[in-house]
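Taking it in order: structure first as structure tokens, then the write-up.
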Amino acid sequence: MYDITLFTPQDMAKCSLVLRQLGRNTASMEASSQKIVNYIYRHFCDSQTGENTCALVRLFKTHPYGELEDSLQQSARRLMKGNSPAADMKCWTLLAAAGTEPQWNSRHTAVENTAIPLVSTKLVAQMPAISEIIRQFGLDIPTFLGIERERFLQLEPAVLNIFYVSEAKGSPFIPEQNSLIIPYQVKSVLGFGGLMPSGSLFAVVMFLKVKIPQSTAEMFKDLALSVKTALSMPDEQSVFEYSENPTVFVTNDNIYESQLLEDQVANLIQLLDFSEQERLRQAARFQQTIDNLQRELTEYKNKEKALKVSQNSFTGILNIPKDAIARVEENQGIQRFNQGEEQI
């Protein structure tokens, strides 16, 4: 169990290890996705009450319209008023969900529109949640919609980031105010994800019943790589668990296995890079703490030295034997006097 209000680097490492393994022995990316959202929903809890911290967890992935299963294509066509998108048009697709209400635990019933066609830059810019996720992930909409192969190869390893909304209530980036945010008392929204080797973008979005700071949200960048690794384990062509009209692909097993191993090696290298970066960040924070303590110690010693000099000067003046020196308050009471005053 993880209390997100007390989330530590040790919790992050433990959760990352588990998430990375959830793609093993699964037949599809959808099955891996459901394992991921279930784990997050069930294991992020209040340490005092045991209550689930998340009202809802969703996992999205962009997917070409032509490779969607029939029900998802129907969802996309509904939004385009019956018109069929181009086969290569990207659709913002819900792969898995887990939450408080029973209907939230299946992508088939979690939302009305399970595949949203990303028709153009202009229309995507009018979708506040999706456009903000793209922006916070470090991409722009035109690049995201039409990533060239060479450009993508440069971006893919680097795009692992978070989507963070500190105040969910009233946020223009969270449209579901009356159906989700207000009735379920969602305080903050946290997402994390990035680019897949195939060129798709994935995002895990957590609707939290507690408020979290930016520093906690930043830790979830490391979890993005673990989810990416888990999603990359199944065959990229076996995305959906249930399909009424499955597409038949003819592949060379040796080529596929070679590509899968290459992707896994690449993910492991990224994981090592992330781990090294995290150690460097921790070392930098530790060094900063030491520097601050040393600076405070130096300031304390300087103040102590200055106080001692001041006290010596005061004592020297006060102990002049021939002069009477006394400290008198407004009520005429004498607070302190020297030897001269005592003799008089």
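The values are calculated or read from the model by the stated rules, or taken from the named source; none is laboratory data. From a predicted model like this one, the values you see are computed outputs, not experimental measurements. Using ideal geometry, Cβ is built from the backbone for each residue, glycine included, and neighbour counts are taken over all protein chains shown.
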Task: Residue selected from segment 153-190 under the condition in a loop (DSSP other than H, G, I, E, B), without any contact (Cβ under 8 Å) to a residue 24 or more places away in the chain and farther than 16 Å from I130 by Cα, by the criterion nearest to the chain's Cα centre (by Cα) - done: A158
Task: Within segment 191-223, tally of residues that are free of Cβ contacts under 8 Å to residues at least 40 places away in the same chain and either closer than 24 Å to S33 by Cα or in contact with a strand residue (DSSP E or B) (Cβ under 9 Å, 6 or more places away or on another chain) (or both) - done: 2
Task: Count - residues of segment 14-54 that are of a type outside the set (F, W, Y) and outside any helix (DSSP H, G or I) - done: 17
Task: segment 156-169, residues that are touching a helix residue (DSSP H, G or I) at 6+ places or on another chain (Cβ under 8 Å) and modelled with pLDDT under 85 - done: P157
Task: Matching entry among T26, T8 (being under 24 Å from P213 (Cα atoms) and of a type in the set (V, I, T)) - done: T8
TODO: Can you confirm whether segment 64-80 contains a residue that is modelled with pLDDT under 90, assigned to a helix (DSSP H, G or I) and of a type in the set (S, T, Y)?
DONE: yes
Open item on the list: Just to be sure I understand, how many residues within segment 87-110 are of a type in the set (A, V, I, L, M, F, W, C) and without any contact (Cβ under 8 Å) to a residue 40 or more places away in the chain?
Closed with: 5
